[in-house]
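Q: The structure follows.
The values are calculated or read from the model by the stated rules, or taken from the named source; none is laboratory data. The structure presented is a predicted model; accordingly, all values stated were derived computationally and were not measured. We place every Cβ from the backbone using ideal geometry, glycine too, and count neighbours over all the protein chains shown.
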Amino acid sequence: MNSSNNYVFIMAGGVGSRFWPKSRNSFPKQFIDILGVGKSLLQITYSRFRKLCPVDNIYIVTNEMYRNLVQTQLAEINEDNILCEPSRNNTAPCIAYAAFKLASKNPQANMVVAPSDHFILYEDIFLNKIAQALNAASEHEVLVTLGITPTRPDTGYGYINFDQMVQQSIYKVKRFTEKPSLDKAVEFIAEGNYVWNAGIFVWNVSTILKAFRKYTPDIAGLFEKGQNIYNTSKEQAFIDRYYPETPNISIDYAIMEKADNVYTIPADFGWSDLGTWASLFEVVANDNNSNALSNSTLLLEDTENCIIHLPTEKLAVIRGLKDYIVVEDNNVLLIYPKDKEQEIKKVTEKLKTNGHSCYL
């Protein structure tokens, strides 16, 4: 496998509404130093993939409104390597755009598609699994997804049911199941042939384009109109004109759940999708009372299992609080039960409906 044929597309266009109020429309979580390590999640993800392929082969797929944020945080990236969507139409259209653009540049290319905002503790294991997937994708007509070995019956993730092993650590996928009930999740863990869907994909560009043409001809047909425009000065104008016409659909629904050449590589590399405040709670250091704290000054009494994320200049005095999320950012203070955190996204939707977008 020629490593110069390997390309990475980092998805960085989301809003991260379940991390509200820290994650805002104008400055979503992928651009925040949410882990307190001096780098944003996007910067950490970019640094991780620099070990895999040349810098020129790394692309950021984002929304037009975040172009300047990407350029500021990734100063070395070529401006042509920032793909800007004019509208949010989910992952299938943005991956199709990336694939058609890449095929125009290098028809032999292998693609890695990965989110910008995930936590990965064991990067060496992760990169080894990606390299294994790239080898498989370069040699066979396969769509590979990394599957996370589940550690608990979590109902917030999609699950992948895999079948027989076709070669070392690569398994045929039988079906996808979106966010099951707790009873089902317990069954899946007990069966032992399920992994979490991390949304990390690897394939050859010709393989994914063939899948788009077969399973979503409407999306393929639209992007094929730009065959002679990609990687030219006319590309952005073409995307601005036609991209908003694409359906709002995820790559899972559009292709992965329909295709018969989907495979998974189960892995355990200390992964979290950092989708919610509770997921952050699991990966950052806690105090003696299992509180996950920001760098602000805190006086805590009889307070346990809380997530407290406040401005550094803020003093907070808290007594008698258990299992709560306490987050202050700019013009919003959130105090919310941890076990109800999936409802935070609904709160943001309600604010938008009621005309309070200034808080989003």
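Q: Residues in region 221-248 that are surrounded by 17 or more Cβ atoms within 10 Å (Cβ to Cβ), part of a loop (DSSP other than H, G, I, E, B) and either not aromatic (Phe, Trp, Tyr) or not assigned by TED's automatic domain parsing to the domain that holds LEU127 (or both): how many?
A: The number of residues fulfilling the criteria is 3.
Q: Let me ask something else about it. Out of everything in region 1-21 that is modelled with pLDDT of 90 or more and within 19 Å of ALA278 (Cβ to Cβ), what residue ends up being surrounded by the fewest Cβ atoms within 10 Å (Cβ to Cβ)? Steps first, answer last, please.
A: Within region 1-21, the subset modelled with pLDDT of 90 or more is 5-13, 20-21.
Cutting the leftovers down to within 19 Å of ALA278 (Cβ to Cβ) gives us 20-21.
Details: TRP20: 24, PRO21: 19.
The qualifying residue surrounded by the fewest Cβ atoms within 10 Å (Cβ to Cβ) is PRO21.
Q: How many of the residues in region 13-54 are within 27 Å of LEU134 (Cβ to Cβ) and outside any loop (DSSP other than H, G, I, E, B)?
A: Result for region 13-54: 11.
Q: Which pairs turn up if I take residues in region 179-197 that are part of a helix (DSSP H, G or I) and look for partners that are among the aromatic types (Phe, Trp, Tyr) with beta carbon separation below 8 Å, at least 6 apart in sequence or on another chain?
A: These pairs meet every condition: ALA185/TYR159; PHE188/TYR159; PHE188/TYR194.
Q: Here is a follow-up. Any residue in region 344-359 that is of a type in the set (Asp, Glu) sitting within a Cβ distance under 9 Å of a residue that is crowded, with 16+ Cβ neighbours inside 10 Å? List the pairs, counting only those 6 or more apart or interchain.
A: GLU349/SER17
Q: Considering only residues of region 141-155 that are touching a helix residue (DSSP H, G or I) at 6+ places or on another chain (Cβ under 8 Å), among the aliphatic types (A, V, I, L, M) and assigned to a strand (DSSP E or B), which is surrounded by the fewest Cβ atoms within 10 Å (Cβ to Cβ)? Don't jump to the end; show me each part of the working.
A: Quick first cut of region 141-155, residues touching a helix residue (DSSP H, G or I) at 6+ places or on another chain (Cβ under 8 Å) only: 141-146, 150, 152-155.
Then keep just the ones that are among the aliphatic types (A, V, I, L, M); that gives 142-144, 146.
Adding the requirement that they be assigned to a strand (DSSP E or B) leaves 143-144, 146.
Values: LEU143: 23, VAL144: 28, LEU146: 26.
My answer is LEU143.
Q: Collect the residues in region 168-221 that are polar (S, T, N, Q), over 19 Å from CYS94 (Cβ atoms) and in contact with a strand residue (DSSP E or B) (Cβ under 9 Å, 6 or more places away or on another chain), keeping them in residue-number order.
A: Correct list: SER169, THR177, ASN193.
Q: Which one is nearest to PRO337 (Cα to Cα) among residues in region 1-36 that are hydroxyl-bearing (Ser, Thr, Tyr) and free of Cβ contacts under 8 Å to residues at least 60 places away in the same chain?
A: Residues of region 1-36 that are hydroxyl-bearing (Ser, Thr, Tyr), as a first pass: 3-4, 7, 17, 23, 26.
Next cut, free of Cβ contacts under 8 Å to residues at least 60 places away in the same chain only: 3-4, 23, 26.
On the way: SER3: 47, SER4: 48, SER23: 18, SER26: 26 Å.
Step by step, filter region 1-36, then rank; the result is SER23.
The rows are residues; the columns are (1) over 30 Å from LEU310 (Cβ atoms); (2) under 17 Å from the mean Cα position of the chain (by Cα).
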position	(1), (2)
GLN30	no, yes
TYR59	yes, yes
THR62	no, yes
VAL70	no, yes
GLU76	yes, no
GLU79	yes, no
ALA98	yes, yes
